[in-house]
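The values are calculated or read from the model by the stated rules, or taken from the named source; none is laboratory data. Not measured: the values here are computed from a predicted model. So basically every Cβ, Gly included, is an ideal-geometry build from the backbone, and we count neighbours across all protein chains shown.
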Amino acid sequence: MRRRDAREREKALEKAKILTEALPWIHKHNGQTVVVKYGGAAMEDAELMQQVVADLELLKLMGMRVVLVHGGGKAINKLLESLSLPAVFKDGLRVTDDATMEAVQMVLVGKVNQQLVWALNEYGNNAVGLSGADGKTFKCKQVDPELGRVGTITKVNTHLIESILDDGYVPVIATVGSGPDGFYNINADVAASQVAQALGAETLIYLTDVDGFYREFGDDDSLIANMTKAEAHELLEGGTLATGMIPKIRSIVEALDSGVRDVRILNGTFPHSLLLEIFTDAGIGTMFTQGDE
């Protein structure tokens, strides 16, 4: 016969309250498509990665159609260093010559993608890995000759992604695209935005290693909880953004302009930030909205 002391009953009651608070959010998001971009320090720590993967699995079990788009910049830098190749950036984008492109493919497609697929599949037969080159999912062209093999997506072919979703799997997409002359390195923030737009996703989430968007980076009091599409446009056009933030904020604005309902920036190093953001009233990061809610 089960017996619990007062402390155990209090813990059980707290869990019940949490589930009750989550119920309307579970109902709201059931059946919706959510694109999650995963990168930064949260991907480097094995324990944190397991927590993120567990959260993604829970979203799937709660009826959400989850698409995972990932980068792997830190891992690419490590491989480049071991090969005595420089890591060079311009306007927030990695300058990618042919040798660097090979390293990008090795890390994103051969290593990071398969690690994430393996981790998700430890919870069951749940994930399928692919790159933007598979099924010509990301058709690309060169951004700028000075950047080398950095591509801009001209079309997202959603057929393969939707087939995987319809079969009950989580597509795990490495951000390598294809063009008429070979492979291209795609900025992961931009790729996630393009995928969300093409799928008509309700929500796009950027899992990073910061708590959200800061008006003044380094000033904790300047963290912004909510920002409308109009405010994001003003921010992008104001010329005050740090170079590295420009691709992310531009991709957020483009997603909102295309009809994605909301975009979130979350700290993936904070335990279960995905669940706290989606299934609690207060949330935990920065949410960009259409501004009509």
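So, of the residues in the stretch 218-245 that are under 21 Å from the mean Cα position of the chain (by Cα) and at pLDDT below 80, which turns out to be farthest from Gly40 (Cα to Cα)? For the stretch 218-245, the residue satisfying everything is Leu241.
Yes/no matrix, rows are residues, columns are (1) touching a Phe, Trp or Tyr at 6+ places or on another chain (Cβ under 6 Å); (2) without any contact (Cβ under 8 Å) to a residue 40 or more places away in the chain; (3) closer than 19 Å to Gln32 by Cα:
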position: Val117; (1), (2), (3): no, no, no
position: Gly132; (1), (2), (3): yes, no, no
position: Val150; (1), (2), (3): no, no, no
position: Ile164; (1), (2), (3): no, yes, yes
position: Gly200; (1), (2), (3): no, no, yes
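Of all residues in the stretch 57-105, those that are part of a helix (DSSP H, G or I), touching a Leu at 6+ places or on another chain (Cβ under 8 Å) and among the charged types (D, E, K, R) total 1. Would you check which residues across the stretch 170-201 are charged (D, E, K, R) and either at pLDDT 95 or above or buried (at least 23 other Cβ atoms within 10 Å of the Cβ) (or both) and list them? Asp189 - this is the single residue of the stretch 170-201 that is charged (D, E, K, R) and either at pLDDT 95 or above or buried (at least 23 other Cβ atoms within 10 Å of the Cβ) (or both). Is it the case, given these coordinates, that Leu266 is free of Cβ contacts under 8 Å to residues at least 12 places away in the same chain, touching a strand residue (DSSP E or B) at 6+ places or on another chain (Cβ under 9 Å) and of a type in the set (A, V, I, L, M, F, W, C)? Spelling it out, it is not the case that Leu266 is free of Cβ contacts under 8 Å to residues at least 12 places away in the same chain, touching a strand residue (DSSP E or B) at 6+ places or on another chain (Cβ under 9 Å) and of a type in the set (A, V, I, L, M, F, W, C). For the stretch 64-100, which positions are of a type in the set (Lys, Arg), out of contact with any strand residue (DSSP E or B) (no Cβ under 7 Å at 6 or more places or on another chain) and under 21 Å from Ile205 (Cα atoms)? Hit for the stretch 64-100 is Lys74, nothing else. Of the residues making up the stretch 26-56, those that are outside any helix (DSSP H, G or I) and farther than 24 Å from Thr158 by Cβ number 2.
If you check Lys111 against the conditions, is it charged (D, E, K, R), without any contact (Cβ under 8 Å) to a residue 60 or more places away in the chain and on the phi > 0 side of the Ramachandran plot? Here the answer is no, as Lys111 does not meet what is asked.
Here Leu147, Leu165 are screened, and the one residue that is over 25 Å from Leu276 (Cβ atoms), at pLDDT 90 or above, of a type outside the set (Ser, Thr, Tyr) and surrounded by 18 or more Cβ atoms within 10 Å (Cβ to Cβ) is Leu147.
Would you mind stating whether Phe213 is more than 11 Å from Val67 (Cα to Cα), in contact (Cβ under 8 Å) with a residue 12 or more places away in the chain, among the aromatic types (Phe, Trp, Tyr) and surrounded by fewer than 24 Cβ atoms within 10 Å (Cβ to Cβ)? Answer is no for this residue. For the stretch 226-245, the set of residues classified as closer than 21 Å to Val143 by Cα, in contact (Cβ under 8 Å) with a residue 24 or more places away in the chain and buried (at least 16 other Cβ atoms within 10 Å of the Cβ) consists of Met245 only.
For first residues located in the stretch 169-195 and farther than 19 Å from Asp91 by Cα, partners that are of a type in the set (Asp, Glu) and lie 6+ apart or on another chain with Cβ distances below 6 Å do not occur. Among the residues making up the stretch 73-104, none is of a type in the set (Phe, Trp, Tyr) and at pLDDT 95 or above. From the set of residues in the stretch 153-192 that are assigned to a loop (DSSP other than H, G, I, E, B) and among the acidic types (Asp, Glu), which is farthest from Met245 (Cα to Cα)? For the stretch 153-192, the residue satisfying everything is Asp167. Candidates in the stretch 73-96 are the residues that are of a type in the set (Ser, Thr, Tyr) and farther than 17 Å from Ala174 by Cβ; of these, the one that is surrounded by the fewest Cβ atoms within 10 Å (Cβ to Cβ) is Ser84.
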